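**Q** Below are the structure tokens for one structure; questions will follow.
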Amino acid sequence: MRLRSALAAALGGLMLSAALPSSPASAATGEFVYTYAGLNSVALRGVLADPESGQCINLPETVGSALPAHAPRNHTNSTATVFLDADCDGDTFYVMNPGKVLGDRLRLRSVVFG
């Protein structure tokens, strides 16, 4: 009887661990690169490395700045949707497939990976 209970418990634990995801959160692999204006409007490079998927990311250099970032390069393995407004809000957005590079004319303040 004890062997049967122990076997049932072990089998139940194995099935439970197989049902759980292997990682608690998924992330895009690679870098999302963009340009932003630093002091005296000097162009600087910003990078999001292995960004979280499915959640909006406000580009930190654009928070409180009158100038949005520009020239995004999606060097991740996920599709990136970039937004002109913070908090992935507004009607102005662009979908970037993995590997897509856009020019200086595209402006952004937030991005979500999916």
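**Q** Looking at (1) closer than 17 Å to residue 48 by Cα; (2) surrounded by fewer than 18 Cβ atoms within 10 Å (Cβ to Cβ), can you tell me which one residue 73 breaks?
**A** (2)
**Q** Where in region 46-114 are there strands (runs of 3 or more DSSP E), lying fully within it, with 1 or more residues that are at pLDDT 95 or above and more than 15 Å from residue 33 (Cβ to Cβ)? Spell out how you get there, then give the answer.
**A** On the way: elements: 69-76, 80-83, 93-96, 110-113.
Qualifying strands (runs of 3 or more DSSP E): 80-83, 93-96, 110-113.
**Q** Criterion first (open to solvent by 70 Å² or more (accessible area, probe 1.4 Å) and in contact with a Leu (Cβ under 6 Å, 6 or more places away or on another chain)) does residue 107 satisfy it? Write out each step before concluding.
**A** Values: open to solvent by 70 Å² or more (accessible area, probe 1.4 Å): yes; in contact with a Leu (Cβ under 6 Å, 6 or more places away or on another chain): yes.
Considered against the rule, which asks whether it is open to solvent by 70 Å² or more (accessible area, probe 1.4 Å) and in contact with a Leu (Cβ under 6 Å, 6 or more places away or on another chain), residue 107 comes out as yes.
**Q** Let me confirm something: among 49, 43, which residue is more than 22 Å from residue 26 (Cα to Cα) and not acidic (Asp, Glu)? Don't jump to the end; show me each part of the working.
**A** Values: 49 fails: more than 22 Å from residue 26 (Cα to Cα).
Just one listed residue meets the conditions, 43.
The values are calculated or read from the model by the stated rules, or taken from the named source; none is laboratory data. The model shown is predicted, which means the values in this text are computed figures rather than measured ones. We place every Cβ from the backbone using ideal geometry, glycine too, and count neighbours over all the protein chains shown. The protein model used for the area step is the full one, side chains on, heavy atoms only, and it has no ligands, DNA or RNA in it. Shrake-Rupley method; radii C 1.70, N 1.55, O 1.52, S 1.80 Å.
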